[in-house]
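The values are calculated or read from the model by the stated rules, or taken from the named source; none is laboratory data. This one's a predicted model, so the numbers in the text were calculated from it and none came from an experiment. In this analysis, Cβ positions are derived from the backbone assuming ideal geometry, glycine residues included, and neighbour counts consider all displayed protein chains.
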Amino acid sequence: MSASNELSKRTRVLVKDLIFQEQYKLTDKQTDLMSYISNALTWALNINGFMPLTNKKFAQDLPQMGTSSLEANLRELKNMELIEVEMIKVPQWNNATVRGIRVTAKGVEYNNHFINADEKKVIQVLQEQIELDRLKIQELEAKLKSPSKSPENSNPPKIKELKEIEKSKEEEKETITVQKPLDIEKIKDELKAEIVPEITQVIQQTLLSLQKSEEKKEEIKEEEESKNKEIKKEEFNEEEFNREELDELARVKEVEIRKENGSKYKGLSFSDFIEDVTRDFAITSAPICNYVNNGEWLKGAMFSINSYKKLSITNSVGDNYQIKDPNDIHKFWLWLYKNQHRIGDVINYSAKPSIQTLNIRYRGTILKVKYNGHDRLFKFKEVVDVGSNLVKVEIVEQKNNQIATLLFEGSRKTGDTYEADSLIFKHLV
């Protein structure tokens, strides 16, 4: 998918409700997140009141907010009872289990609307300003035609002063008589040349701005409609967009970044690590991970922290129970401590995977395989299509770079993609 298509799907407007932010003492990022979730009510799927909002969608629309910051802010909004969070199944996405978010009664008070200027009122104010300027011009013309008397002349002057005033009046009268017609015309021309065009220009600019505003509204509306069409197309036309492969690629890239940069629990002791992960995931009720490949559990097993802050497991049919065996608990935490990049990573295994999905999912992984009675390490190479809906799994021995084929149950060299997924998972180191 091209960058322009990705950009067109992004939410373009976030409205900041300052009163709401002040009322709940939200940070700017928490306010942005609340605005985005409120905005999502207009376009996201509704699954029993919950909206499926994935980390991929958040990263696409809010790239400035990292994964750890997103999780922390979601927890804060949940603690303030502005949203509710729980895992939901999405029928439109092949019953994939994802995080669902619901806006609570307190959260819906967020004002996610913005107000445009009243166009008629703007024009009316400008017209009133023109009328006031016109009256000022008329008043100035009237003053020039009949000059007003000075307040000093209202009091009886002395004889000497009176003569001087009379003389001054005569001189002033002569000056006005000579210059009066020229001054009026000049002033009228100057005022008309300066004020009227300026006001006219302001009106024209305002009308142009309002026209552009309308065009912008239509553009935003078209973008929203296009975005909704793209979302529906992506949801229901999986053959064209190959949604499964795109989602898997995004998930693997996110895991690789975490593996390279280290998780937020990096550097903690084993006991502190268990304590912090337990605390964080007890708050969100989100799954910690699945696909725990230490030989003890099936790949469909989903691990989480229950309301008693104890490690629990949900099997592939949806049954949930608390793990009580201390050895099993220790094995899980030891595996997670060594594979911290898998924290928060949930792999969609419900659908039969494609060849491309398997090649994305297991690229760069190491497998332990018995060969001539000895355990040897191999690097996953690729899943190869051999026809008739069958595939083979090619691996490369680390010591001599020799290519080999991983055998299915019954010493078969081929199997379907679902069998290949289980086979590779079984041998992961």
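Descriptive notes on the structure:
- Of the residues screened, GLY318 is one that is small (Gly, Ala, Ser), assigned by TED's automatic domain parsing to the domain that holds GLY267, under 38 Å from the mean Cα position of the chain (by Cα) and more than 15 Å from TYR291 (Cα to Cα).
- Residue match in the stretch 371-387 (condition: assigned by TED's automatic domain parsing to the domain that holds GLU419, under 30 Å from LYS56 (Cβ atoms) and assigned to a loop (DSSP other than H, G, I, E, B)): no
- Applying the set (1) under 26 Å from SER312 (Cα atoms); (2) surrounded by fewer than 16 Cβ atoms within 10 Å (Cβ to Cβ); (3) β-branched (Val, Ile, Thr) to ILE424 leaves exactly one unmet item: (2).
- Selection status of SER68, under 16 Å from the mean Cα position of the chain (by Cα), touching a residue at least 60 places away in the same chain (Cβ under 8 Å), in a helix (DSSP H, G or I) and crowded, with 16+ Cβ neighbours inside 10 Å: no
- Considering the stretch 296-310, the residues that are within 23 Å of ALA96 (Cα to Cα) and in contact with a helix residue (DSSP H, G or I) (Cβ under 6 Å, 6 or more places away or on another chain) include one that is surrounded by the most Cβ atoms within 10 Å (Cβ to Cβ), namely ILE305.
- Tally of residues being modelled with pLDDT under 85 and either out of contact with any helix residue (DSSP H, G or I) (no Cβ under 9 Å at 6 or more places or on another chain) or among the aromatic types (Phe, Trp, Tyr) (or both) across the stretch 8-35: 0
- For the stretch 390-429, filtering for residues that are in a loop (DSSP other than H, G, I, E, B) and more than 19 Å from ILE360 (Cα to Cα) leaves 11.
- Taking the stretch 71-101 as the range and being part of a loop (DSSP other than H, G, I, E, B) and farther than 19 Å from THR284 by Cα as the test, the residues that pass are ASN94, ASN95.
- Restricting attention to the stretch 71-111, the residues being of a type in the set (D, E, K, R), farther than 24 Å from GLN23 by Cα and over 18 Å from the mean Cα position of the chain (by Cα) number 2.
- Restricting attention to the stretch 311-363, the residues that are farther than 24 Å from ALA420 by Cα, assigned to a strand (DSSP E or B) and in contact with a helix residue (DSSP H, G or I) (Cβ under 8 Å, 6 or more places away or on another chain) total 1.
- Positions within the stretch 24-41 being of a type in the set (Val, Ile, Thr) and assigned to a helix (DSSP H, G or I), in sequence order: THR31, ILE37
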